[in-house]
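First up is the structure itself, then whatever we jot down about it.
The values are calculated or read from the model by the stated rules, or taken from the named source; none is laboratory data. Please read all numbers here as calculations on a predicted model, not as lab measurements. So basically every Cβ, Gly included, is an ideal-geometry build from the backbone, and we count neighbours across all protein chains shown.
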Amino acid sequence: MTKIVSDESLRLALAHLAPEQAKRCHDEERAARAVQLTKSSAWMDAALAESTGEALRTPWILDADTTVKLLYGHQAGAEIGYNPTKPGRPSHTLHTYWIGNVRLVLDVEVQGGKSTAAKHSLPHLRLLLDRLAPEERPALVRGDNAFGNEGMMAAMEEIEQPYLFKLRQTAGVKRLIERLWQRGDWESVDQGFDAVEGKLRLTGWSCERRVVVLRRRVKSSPGAETSKESPQQELPFVEGSDKAKLWEYSVLVTNADYSLEAMGQLYRDRADCENGFDELKNQWGWGGYTTHDLERCNLSARAVALIYNWWSWYVRLAHPKARLEAITSRPMLLAGVARLTQHAGQSRLLLTISHAAGDQIKAIIANIRKGLDHVLATAPQLPQTGRWPALVRYIVSKILAARPKSSRRFGLPPPFLPAGSS
């Protein structure tokens, strides 16, 4: 690294790379140059696909979710939409598609602040799924209650894609809960949750679908329908005792055939998306950059996601048993000075560690060396570009070996790791 470009130079460079820039160029020479540089979008598609492609060779879960990026200037798409933290503040919406629970970004799309509904995610989600070969398709597409609607479910059923979405607790869903509450075949699915399944066809649905109802006792005064700590719906039912018990309910809709116990695990660990959003926005820059037009915002968000994927693979090579957050992994893996010496045709790299956790860092670096040595030993004939897939396959094998026994017992997709471990 020989120099650092200024922020203004970076913005000017991104202006030429923006996909829509060619449409604004009236000068023929500038237009031709802009058309040539619009290949940046195609390059980003290929780079993101290369950074995640090997992770799609084993069954995986696609998590679709959105997050809000607050804006404080004059940007295209700055609209006042859903914003729970600062109502009235203009924002952008980042529609993100994750490789579930290993926190790799499949792709991200920046839209205006009012485009928070799942219908705005559907076109790009369909595009991503259509690009994948049949053997690379996710074992499950998972989303919150914004995705539990007829349009999204019908689109997934049209391409025979298994899904798991949460339902909003409308009047029809509440009536379902009241009917199923009286049944005696509720099963425990760990962590205080009970589950039962049934069939449901709401008004506007094209067909009857499988639903799974999860409930958990809530310590609260009877009569209140929601708590301040959680906006989750709570319904009071008397269960043959002096006290009225408050139950917290979640209703899932799916066309997959996983067991009830697996559904409980899948539902709980979908929340790992929020950890990824927190890391990307606070540690990697999704909440910090600003540009005037939406095209450069989109390009910048995807570039951040690409670098985030590269670092994620590197950290999982260093520590395959569990994911290390950027706030801890970057000081550990970057706090050192290296000196390269060459003698008799051999290169030697001497690392001087300045971090307090020196012993832990040495073990981590040893894991990195094992992975690199494995690639050199098993694929010495490959060019440098071919060694990357071999290295990622090695990392995936280490992740699979470290996955918990519970995921194997439930029959969940192999890369699946609980949120606390990934």
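At-a-glance table
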| item | result |
| --- | --- |
| Candidate set: region 150-194, residues that are within 24 Å of V218 (Cα to Cα) and among the β-branched types (V, I, T); chosen: the one modelled with the lowest pLDDT | V189 |
| Those residues of region 305-361 which are part of a loop (DSSP other than H, G, I, E, B) and under 30 Å from L94 (Cα atoms), in sequence order | H319, P320, K321, A322, R323, L324, E325 |
| Residue in region 65-88 that is of a type in the set (G, A, S) and in a strand (DSSP E or B) present | no |
| Residues located in region 100-129, provided they are out of contact with any Asp or Glu (no Cβ under 8 Å at 6 or more places or on another chain), in a helix (DSSP H, G or I) and either among the aliphatic types (A, V, I, L, M) or without any contact (Cβ under 8 Å) to a residue 24 or more places away in the chain (or both) | A118, L122, P123, L125, L127, L129 |
| Filter result for A390 (touching a Ser or Thr at 6+ places or on another chain (Cβ under 8 Å), of a type in the set (G, A, S) and at pLDDT 75 or above) | yes |
| Any hit, region 305-320, residues being farther than 30 Å from R369 by Cβ and either without any contact (Cβ under 8 Å) to a residue 40 or more places away in the chain or of a type in the set (K, R) (or both) | no |
| Residue selected from region 195-229 under the condition of a type in the set (D, E, K, R) and either over 30 Å from E150 (Cβ atoms) or touching a His at 6+ places or on another chain (Cβ under 8 Å) (or both), by the criterion modelled with the highest pLDDT | R217 |
| Filter result for Y267 (modelled with pLDDT under 85, surrounded by 14 or more Cβ atoms within 10 Å (Cβ to Cβ), touching a Phe, Trp or Tyr at 6+ places or on another chain (Cβ under 9 Å) and among the hydroxyl-bearing types (S, T, Y)) | yes |
| Residue check for V102: under 15 Å from the mean Cα position of the chain (by Cα) and either surrounded by fewer than 21 Cβ atoms within 10 Å (Cβ to Cβ) or over 22 Å from Y258 (Cβ atoms) (or both) | no |
| Residue under evaluation A303, criteria (1) among the small types (G, A, S); (2) modelled with pLDDT of 90 or more; (3) in contact with a Phe, Trp or Tyr (Cβ under 9 Å, 6 or more places away or on another chain), criterion not met | (3) |
| Any hit, region 360-373, residues being loosely packed, with under 15 Cβ neighbours inside 10 Å, over 27 Å from N101 (Cα atoms) and either under 32 Å from the mean Cα position of the chain (by Cα) or assigned by TED's automatic domain parsing to the domain that holds R330 (or both) | yes |
| Test: residue in region 64-74 that is over 16 Å from N298 (Cα atoms), at pLDDT 85 or above, touching a Pro at 6+ places or on another chain (Cβ under 9 Å) and not β-branched (V, I, T) | yes |
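Quick grid of which residues meet (1) closer than 24 Å to D269 by Cβ; (2) among the basic types (K, R):
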position	(1), (2)
K119	no, yes
L125	yes, no
P134	no, no
G143	yes, no
M152	yes, no
P162	yes, no
Q169	yes, no
R183	no, yes
